[in-house]
Structures are given as C-alpha cells and as structure tokens.
C-alpha cells in the first residue's frame with residue numbers, strides 16, 4: 001500500500017462519516033511566538049478546541065504537514081524524522097469516545113481500509129491519577145469498557161488492554177491552562193506474527209504505537225484545578241510514515257515509498273548502495289530526511305538565515321551536504337534530491353512544486369561549499385600545533401565544519417591531532433546540545449499563542465502597518481512572515497528596496513492616526529472569493545479553507561486573519577514607532593516596531 005493510498009483512504013473514511021476535509025496549515029504557525037513550527041495536527045485547531053466555532057463544522061479531518069527538530073540529532077536511524085505528516089480527525093463537541101474508538105478499530109482492521117491483523121493489536125487507556133489536592137482524575141472506565149467489548153467480539157484477550165499512567169495516557173493542556181484529558185493509544189506487534197504476547201508490555205520494542213485518540217473532557221484552570229467540560233472534544237493523530245511502514249511490514253521507514261525514490265537518487269549520485277554499511281545508511285537517511293524538510297520549509301516562505309526558522313533550514317541543508325561529502329559526493333547535489341521530493345509530494349501538497357525551492361537550496365549549498373573552504377584555511381593555522389576536541393568543536397560551531405573533515409584535512413596537511421580529539425569533541429557537542437535543548441524547550445512547547453493584552457494590541461497594529469505599507473508602496477506588498485510578542489512586532493513583507501525616511505514616517509502616521517481615531521475593529525466570516533471581492537488582504541487565506549474571517553478596521557484595514565484583535569483601536573495604548581527596517585532576504589524587507597508608552 002502506498003503513502004498516497006493510505007492518506008486518501010484516511011480522508012475518505014472520515015469524510016464518509018460526516019467529516020469536512022480541511023487543508024493542511026502552513027508549517028509556520030500564525031501569530032504564535034512560542035513555537036517555530038507546527039509540530040502536531042491539532043496545533044492549528046487550538047482556537048476551535050477552545051470553543052471557537054469552526055466554519056467547516058464540528059467534524060474535521062486532514063493530513064497536516066509538520067516539522068519537529070528537537071530530535072534532529074537522532075535522525076539517521078530507522079524511525080526519526082524532521083518532516084512528517086500527521087493524519088487527524090476531530091470532534092468539536094460532537095461525537096465522543098464510543099464513535100472515536102469504534103472508527104479507529106474499523107479503519108485499522110477492515111479489509112476495505114488498512115486491513116491490519118487484529119490479532120497483533122493492543123491498546124492502552126488512562127489508569128487514573130491524583131493530580132494533587134481535590135484533583136483526582138478517575139480511571140477511564142468508559143474507554144476501557146468500549147475496548148473490552150470490541151476485544152470480546154473479536155476473541156482477543158483482555159490482557160491486551162493496558163491501564164497506564166499519566167505519562168503514557170494523558171494529554172495536555174497545551175499551555176498552563178486549557179482543555180486536556182485522557183487518551184487511548186493503539187499498538188501493533190511488528191515482531192513474529194506467530195509469537196504475539198498474550199498481554200501488552202509498553203516497554204517492548206516490537207509493540208509500535210500507530211494511533212492516538214485524545215479525549216478532551218477536562219479543563220485545567222489557573223489554580224491547577226481540573227473540571228469536567230460541558231463541550232467535550234476528540235483529537236486524534238496517526239503518523240503517516242509510521243503506519244505506512246507497519247502496513248507494508250517494513251522495519252525501516254526509509255524503505256517506504258516516501259523515501260525509496262530519494263534513496264535511489266542518492267545511490268545514483270554517490271555510486272554507493274544503501275545497504276553497503278550502517279554508516280552509508282545513516283548518511284543517506286539524513287540526506288533524504290533533511291532535504292525533504294528543506295523543500296517544505298522553503299515552500300512555506302522560509303529562507304536560510306542565522307536565526308529562528310531560517311537557522312533551522314540552514315542547518316538542515318548543511319547537515320545534508322556534509323553527509324553528501326561523507327558519501328564522496330563532491331559536486332552540488334541537493335537540488336537533484338529536492339526535485340525528487342517535489343515529485344513525491346506535489347499531488348498532495350502542490351505548494352512544493354517550483355524552481356524557486358531548488359534555487360534557494362542550491363544557493364545555500366554553494367554558500368556552504370565556501371564555508372568548508374574557510375574551515376580548511378582555519379585548520380592550516382594550527383600547523384605546528386595540536387588540534388584538540390575543543391578546537392574541532394569550535395570549527396564545527398563557527399563554520400559548520402564536520403569533525404570527520406577536520407580529522408581528514410589535518411591528516412592530509414600532516415597537522416598533529418590530539419589522541420582524545422574525537423571523545424573531547426563529542427563531550428563538547430553533547431554539552432552544547434543539552435544547553436540548546438534547555439534553551440529551546442519553550443520555543444518547541446507548542447499549543448496556544450501568546451494572547452495577552454499587549455500582544456493583541458500589537459497584532460492589530462501590525463494589520464494597520466501592513467495597510468499603511470500597501471498604501472504608500474503599492475499593492476505588490478504582502479506579508480511574508482511575522483513574529484509578535486508582548487514587546488514588539490517583527491514583520492516581513494515583499495518589497496525590493498529600503499524604505500525612505502518619508503515612507504517610514506507615512507506608515508507611522510497612518511497607524512497612529514487609526515489609533516487616535518478610536519474606531520471599532522469588526523470581524524465577519526465569509527468565503528475566500530467574497531473576501532477577495534471586498535479587497536481583503538489575505539496572507540494566510542489557504543489556512544482556513546472555504547470560509548475565512550475578515551477583520552476590518554474602519555477605512556484603515558481589511559485583512560483575512562484568525563485573530564485575536566482589540567475591539568477598538570482606542571484600546572491600543574502607546575505611540576506606534578518603527579525601530580528598525582532592514583533586508584530579510586532577496587525581495588523581502590523586515591520591520592521591527594513597538595508601542596512607545598507616553
């Protein structure tokens with residue numbers, strides 16, 4: 001079974017059960033300064049899981065593209081990935097546990113759908129836990145009872161229904177407060193089908209999780225108290241590549257049809273075979289994964305840089321190129337791999353098609369080639385000295401110069417290498433990675449945007465700023481990205497030239513005039529076509545499907561957006577001020593702006 005078949009079967013299954021198909025959101029979260037990338041299918045739907053009405057209804061299904069980089073150093077084994085697709089279906093106050101569980105079972109086991117062997121399935125449910133004083137959440141006997149009925153009907157042992165703790169079978173909330181609840185997970189035995197254990201052991205590697213149904217039936221408030229919600233939601237997630245491997249009986253995700261064409265191209269370019277050695281496999285997996293992720297990142301308007309998402313993109317491309325060198329690939333190759341990725345995904349995600357993606361990736365690869373040359377020059381400076389692990393790590397951190405190349409070049413130049421260089425380098429790298437994980441944990445925590453009052457004011461100010469930019473510069477100006485927190489706006493927009501002092505002054509005056517006018521900010525839902533007809537600017541129109549929200553600020557601004565915004569421009573406190581305007585990338589300018597308190 002192919003990835004395209006499974007993706008379509010999933011959509012068809014839930015669409016036939018009254019679910020509206022919604023498009024994948026961009027991998028760049030909208031107006032969420034806490035998160036670099038969309039890391040789960042539910043992330044773009046948080047406002048609706050919180051109670052906001054979704055324009056498509058109460059039953060939703062989609063395939064969501066995701067980027068997860070917290071385990072980037074683990075990529076290279078058989079299961080870790082930077083880019084992945086999450087298949088998901090949601091109930092927004094509609095059906096609950098019984099329908100969700102029965103549909104999960106049907107989709108997994110019916111010959112019409114995935115046709116997995118029911119005798120190799122096991123599940124887990126929440127065993128209950130005391131979350132603190134007056135916060136005891138009971139055992140999920142409802143989910144257990146539904147599974148027991150299913151297992152009895154199919155002559156499966158009840159011992160395959162495990163009761164697990166909060167760490168294994170509880171989700172959320174995404175932030176300090178919000179919806180949360182127990183979940184039930186489904187596992188498939190990937191070992192010998194004739195030796196499936198009678199009972200489930202979640203520590204056994206042969207039990208692979210393939211699906212997760214989250215039942216959001218509690219709300220955690222500011223004081224840490226959990227209460228039952230009147231409106232209960234279902235949020236499910238199934239990783240496409242993982243279930244693809246399971247369905248096809250593969251123990252290596254890179255042998256699925258999402259990766260085999262890429263691996264074949266790497267084999268052709270390098271002259272090596274995937275199964276030549278473990279090190280060759282690792283290098284080919286990293287190249288395949290990282291170039292795939294890079295294609296999707298560039299498709300969603302991310303460009304290589306030295307900060308935030310751009311830095312992640314740069315790191316992925318360069319890490320892939322380094323692995324190419326280890327496979328003795330000396331010519332530019334990343335664009336050739338990227339073109340294969342485009343062919344694999346262009347039917348499901350048309351945005352990945354285009355020459356610009358290949359151009360951006362090639363330019364970064366060529367820049368890195370120059371970086372590698374700089375690294376060689378730096379190594380030359382240590383002639384007559386000894387290259388230690390700390391020096392090798394400094395070369396790696398400063399120039400992205402691989403330790404294996406440091407060793408190789410030093411030997412060629414007959415420069416002495418400290419006997420502990422490799423081990424000392426690994427220690428320095430491990431320390432750096434741990435510090436990075438600690439520092440970035442907040443950035444990758446996912447969940448709700450920062451909706452505090454100051455951020456909301458600046459969000460509305462950003463809309464006014466974009467309207468002012470379009471008025472003075474022209475209709476070619478569109479939003480290319482933004483990051484808004486409680487202190488400042490960082491806003492990227494399309495424009496080829498530096499703004500003049502007069503143009504910046506016009507934009508500031510435009511925003512401040514709107515604030516001083518104290519006009520209402522209104523929201524109306526309508527179709528995308530209607531929004532275009534009334535002249536609404538729409539940087540994120542593809543995110544919302546057929547029905548969008550249009551926020552109007554009197555005569556000043558009209559824009560498609562998910563919110564939130566102030567209800568009146570008079571609620572914006574302070575004077576709008578552009579602090580900095582600079583180039584972000586080719587054809588894109590960046591403004592940093594604040595509200596100066598009087």
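The values are calculated or read from the model by the stated rules, or taken from the named source; none is laboratory data. This one's a predicted model, so the numbers in the text were calculated from it and none came from an experiment. With ideal geometry, Cβ positions are generated from the backbone for all residues, glycine too; neighbour counts draw on all protein chains shown.
A few comments on the model shown:
- Residues of the stretch 471-511 satisfying the condition of being surrounded by 13 or more Cβ atoms within 10 Å (Cβ to Cβ), out of contact with any helix residue (DSSP H, G or I) (no Cβ under 7 Å at 6 or more places or on another chain) and closer than 25 Å to residue 299 by Cα: 478, 480, 481, 483, 490, 492, 494
Per-residue answers, yes or no, for (1) modelled with pLDDT of 90 or more; (2) farther than 19 Å from residue 396 by Cα; (3) buried (at least 19 other Cβ atoms within 10 Å of the Cβ):
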| site | (1), (2), (3) |
| --- | --- |
| 295 | yes, yes, yes |
| 298 | yes, yes, yes |
| 307 | no, no, no |
| 313 | yes, no, yes |
| 318 | no, no, yes |
| 321 | yes, no, yes |
| 325 | no, no, no |
| 334 | yes, yes, yes |
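- Residues of the stretch 128-150 that are at pLDDT below 95 and either in contact with a helix residue (DSSP H, G or I) (Cβ under 7 Å, 6 or more places away or on another chain) or under 30 Å from residue 249 (Cβ atoms) (or both): 129 alone.
- Among residues of the stretch 93-115, those that are closer than 18 Å to residue 216 by Cα, surrounded by 16 or more Cβ atoms within 10 Å (Cβ to Cβ) and either out of contact with any helix residue (DSSP H, G or I) (no Cβ under 7 Å at 6 or more places or on another chain) or at pLDDT below 95 (or both), counted: 7
- Just one of the listed residues (161, 146, 137) is within 15 Å of residue 217 (Cα to Cα) and surrounded by 17 or more Cβ atoms within 10 Å (Cβ to Cβ), namely 137.
- Residues of the stretch 66-92 that are over 16 Å from residue 259 (Cβ atoms) and either touching a strand residue (DSSP E or B) at 6+ places or on another chain (Cβ under 8 Å) or modelled with pLDDT of 90 or more (or both): 66, 67, 68, 69, 70, 86, 87, 88, 89, 90, 91, 92.
- The residue that is nearest to the chain's Cα centre (by Cα), counting only those in the stretch 409-423 that are surrounded by 14 or more Cβ atoms within 10 Å (Cβ to Cβ) and within 21 Å of residue 326 (Cβ to Cβ), is 422.
- Test: residue in the stretch 394-412 that is assigned to a strand (DSSP E or B) and touching a strand residue (DSSP E or B) at 6+ places or on another chain (Cβ under 6 Å): no
- Listed conditions (1) closer than 19 Å to residue 345 by Cβ; (2) crowded, with 19+ Cβ neighbours inside 10 Å are all met by residue 46, apart from (1).
- Scanning the stretch 7-48 for residues that are under 26 Å from residue 242 (Cα atoms), part of a helix (DSSP H, G or I) and at pLDDT 85 or above yields 7, 8, 9, 10, 11, 12, 13, 14, 15, 44, 45.
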